[in-house]
Amino acid sequence: MTRRALIRTLAATALTPLAVGCGFRDSIAEVLLSPEEEDYSEVVLTILPGSTTDQIADQLRDAGVIRSALAFRLRARQSGLDGSFQAGQHVLRKNMTVDEAVEALQTAEVHERILTLIEGWRREEIAAYLLSQSVLNASEFLALTDGDAYRRDFLAQRPESASLEGYLFPDTYRIEPETTTGQFIESLLNQFGGKIGGTVGEGFQSNGLTVHQAVTLAAIIEREAQVAAERPIIASVFYNRLRIDMPLGADPTIQYALGYQETEGRWWKKALTYDDLKIVSPYNTYVHVGLPPGPICNPGLASLQAVAAPAVTDYYFFVAVGDGSHVFSRTFEEHNANVRRYRSQ
């Protein structure tokens, strides 16, 4: 008998009515049917229409709800509930027994979902997040945010055929079961519009930038800055460079142009090479003077505020120290000294 067949036989035996004294089978049943751990945290599981019991069992096991997918399948068949699981959204616990999970999946619960979009994500990363959360339609999200289906005053200055990159405001959103992908995008745009009103929008104008230009600059700052207090200073560096027609030389714009990195499994290449800095792209801010054609990500409020109210400095350079902070300098000679000091560590 193969190992797999042996496990199936033991599991089947353990899941049948047990006679007194069958301690061995009792112990097997306890292991297979008992909770994985004492964890009362919730797990939101979406059962798609047409899902088989085998597929559902695997979902439950992978989510940490049950210990054994095999035990779930056998119990479902033994109880006569195989094929009766309801498609939809279910809120389960990680410490459920197999019997509790079988019963819970008889009725799909309707719950709102909480989605948190991170500052600095590009559209594709948002879509991947939606897919991972099994909520909304990731492909539809990319299609709708790539066109010109939405009308807002702050979108009027975008270049023709520009996507909504930069305007999909990162925040926490509550999604009702009936919320469509289009309505979700409307919520992101509404949030953005609310954030750039008042002093932020006035700051853009006072610094001579259109909304599109301001968001483009804020997106670069979002990817450059890790220390909140440095955002206005980094903004000042880029403003100073723009005033003298000096290339921005921003690594994140190169990362954006390079796109998804298969070997790293990420969108933002970790270590750029000198060859990367030569990429032919309008987003190459080492080659082209001025701002790139559009935002490279979706910036948060702090970066938008930094563009609206930059620090006043005479800095033209900065280099990362290694702990997320930067050292700023006024001259190329100072900058080179800082590069030698901090990048050799």
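Pick from the stretch 172-199 the residues that are without any contact (Cβ under 8 Å) to a residue 24 or more places away in the chain and closer than 13 Å to LEU301 by Cβ: which of them is surrounded by the most Cβ atoms within 10 Å (Cβ to Cβ)?
GLN191
Here are some conditions: (1) touching a strand residue (DSSP E or B) at 6+ places or on another chain (Cβ under 9 Å); (2) closer than 13 Å to VAL237 by Cβ. VAL339 meets all but one. Which one does it not meet?
(2)
Looking at the stretch 148-176 only, could you name the residues that are at pLDDT 90 or above and outside any loop (DSSP other than H, G, I, E, B)?
Residues satisfying the conditions are ASP153, PHE154, LEU155, THR172, TYR173.
Go through (1) of a type outside the set (A, V, I, L, M); (2) surrounded by fewer than 19 Cβ atoms within 10 Å (Cβ to Cβ); (3) part of a helix (DSSP H, G or I); (4) assigned by TED's automatic domain parsing to the domain that holds PHE317 for ARG231 and report which single condition fails.
The single condition ARG231 does not satisfy is (2).
Considering only the stretch 36-119, give the strands (runs of 3 or more DSSP E) lying wholly within it that have at least 3 residues that are surrounded by 14 or more Cβ atoms within 10 Å (Cβ to Cβ) and in contact (Cβ under 8 Å) with a residue 60 or more places away in the chain.
Hits in the stretch 36-119: 42-47.
Quick one: what pairs do we get from the stretch 200-219, first residue within 16 Å of GLY120 (Cα to Cα), second of a type in the set (Phe, Trp, Tyr) and assigned to a helix (DSSP H, G or I), C-beta under 7 Å, 6+ apart or different chains?
ALA214/PHE204; LEU217/PHE238
Has the stretch 142-164 got any residue that is in contact with a Cys (Cβ under 8 Å, 6 or more places away or on another chain) and of a type outside the set (Ser, Thr, Tyr)? Can you show your working first?
Start the filter on the stretch 142-164 by keeping residues that are in contact with a Cys (Cβ under 8 Å, 6 or more places away or on another chain), which leaves none.
Within the stretch 142-164, not a single residue is in contact with a Cys (Cβ under 8 Å, 6 or more places away or on another chain) and of a type outside the set (Ser, Thr, Tyr).
The values are calculated or read from the model by the stated rules, or taken from the named source; none is laboratory data. Predicted model, so just to flag it, every value in this text is computed and none were measured. Cβ atoms come from the backbone with ideal geometry, glycine included; neighbour counts cover every protein chain shown.
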